[in-house]
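Asker: Can you read through this structure? Questions will come right after.
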Amino acid sequence: IKGDEFAVYEYFGKSLTIARKDQSVPFSLGEYGCKLYYIVPLTDGNAVIGLVDKYNAPAAVVRADINSHEIRAAVHEGGRFAAVVSDMPSSVKVDGKEAAFIYNDHLLTVDIPLSAKPGRANVEIKL
């Protein structure tokens, strides 16, 4: 994976670690244990993880545009969307409407409503 810094998100524990490319992230497994990690490169300290209530969270992302002022993403459907943001965002919109979000230690989550019809949902995060 190209990049110098990465978001390492563990699905079952819902934990986020930021790691440099030369840094290791320790983990351990109990007997019959498992963990599922998503490793996503950061751009200007920001990244889109995807729909973290799905096993393959990044696969739900149709498009992601990231710069130092905003993150714009489109996802296949509703669910719990997660992104890594360098600072508390000034606003989060889902399909053009202000949305409630949770921001904790660089991890932003927002619930995108499930739609009766299939289609894309658009997320806009102002940094």
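Asker: Can you spot the lysines whose alpha carbon is less than 25 Å from Lys35's alpha carbon? Ignore those fewer than 8 places along the same chain.
Answerer: In chain and number order, the partners are Lys2, Lys14, Lys21, Lys54.
Asker: What lysines could a cross-link reach from Lys93, if we take a straight Cα to Cα line under 17 Å and drop same-chain neighbours fewer than 8 places away?
Answerer: Lys126
Asker: Can you work out the FRET efficiency for the pair Gln23 and Asn104, with r the C-beta to C-beta distance and R0 = 22 Å, to the nearest 0.05?
Answerer: 0.55
Asker: Same structure again: For region 73-127, which whole percent of the accessible surface, found with a 1.4 angstrom probe, sits on carbon and sulfur atoms?
Answerer: 51
Asker: Expressed as a rounded percentage, what relative contact order does the chain have, with Cα pairs under 8 Å and six or more residues apart?
Answerer: Across the chain, relative contact order equals 21 percent.
Asker: Once the convex hull of the alpha carbons of region 5-127 is built, what does its volume come to per residue, in cubic angstrom?
Answerer: That works out to 106 Å³ per residue.
Asker: Rounded to the nearest whole Å², what accessible area per residue is found for region 68-109 with the 1.4 Å probe?
Answerer: 52
Asker: Ok, one more. Of Glu31, Glu5, Glu10, which has the most accessible area and how do the rest follow, probe 1.4 Å?
Answerer: Sorted descending by solvent-accessible area, the residues read Glu31, Glu5, Glu10.
Asker: Please compute the length gained on full extension between Val62 and Ser15, using 0.36 nm multiplied by the number of residues separating them and subtracting their Cα-Cα distance.
Answerer: Working it through step by step, the gained length comes to 14.6 nm.
Asker: Just the number, please: carbon plus sulfur as a percent of the accessible area of region 24-72, 1.4 Å probe, no ligands or DNA/RNA counted.
Answerer: The computed percentage sits at 52.
The values are calculated or read from the model by the stated rules, or taken from the named source; none is laboratory data. Every value quoted in this text rests on a predicted model; they were computed, and no experiment measured them. Here the Cβ is made from the backbone with ideal geometry for all residues, glycine too, and neighbour counts use every protein chain on show. The accessibility values were calculated without ligands, DNA or RNA, using every heavy atom of the protein model including side chains. Shrake-Rupley method; radii C 1.70, N 1.55, O 1.52, S 1.80 Å.
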